[in-house]
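The values are calculated or read from the model by the stated rules, or taken from the named source; none is laboratory data. Because the structure is a prediction, the values reported are computed rather than measured. All Cβ positions, glycine included, derive from the backbone under ideal geometry; neighbour counts span all protein chains shown. Protein only, heavy atoms only, side chains kept; ligands, DNA and RNA dropped before computing areas. Shrake-Rupley method; radii C 1.70, N 1.55, O 1.52, S 1.80 Å.
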Amino acid sequence: MSKFAVIETGGKQYAVNDGDCIDIELLKECKEGDTISFDKVLLFDDGAKTDVGMPYLEGRKVSGTVETVGRHKKVSVVRFRAKSNYRRHYGHRQPFCKVRITSIA
């Protein structure tokens, strides 16, 4: 069984394995091809032993490389009030980083 970890970044938690590709919140310092290390590891499992942090594990680190920096599909938001001629329409595209996990240590 491969190594498994739960990391925290951007206020969210992600369960990752070696070679996984995840979409995370955009980090200001990330560009395509950069290496990122996540030191907020909440849980680590190597198949034989499971370590759980309170809240984080000391000495554990997950690293990955940035594959893509972009924005998700547009989400349309419509506000409408009946009988009052009130209509508002706007959209939002959330920025993201696509990261491929390279090592769990």
Legend entry - Failed criterion for F44 (all others in (1) open to solvent by 70 Å² or more (accessible area, probe 1.4 Å); (2) of a type outside the set (A, V, I, L, M); (3) farther than 21 Å from K98 by Cα; (4) assigned to a strand (DSSP E or B) hold): (1)
Inset, instruction - Among the numbered conditions (1) over 14 Å from F96 (Cβ atoms); (2) open to solvent by 80 Å² or more (accessible area, probe 1.4 Å); (3) free of Cβ contacts under 8 Å to residues at least 40 places away in the same chain, tell me where K73 comes up short. - result: (1)
Legend entry - From D51, D34, residue being in contact with a strand residue (DSSP E or B) (Cβ under 6 Å, 6 or more places away or on another chain) and without any contact (Cβ under 8 Å) to a residue 12 or more places away in the chain: D51
Legend entry - Number of the condition not met by P95 [criteria: (1) open to solvent by less than 70 Å² (accessible area, probe 1.4 Å); (2) out of contact with any Leu (no Cβ under 9 Å at 6 or more places or on another chain); (3) not β-branched (V, I, T)]: (2)
Inset, instruction - At least 2 residues that are over 26 Å from the mean Cα position of the chain (by Cα) in each: list the strands (runs of 3 or more DSSP E) lying fully within segment 61-101 that qualify. - result: 75-81, 86-92
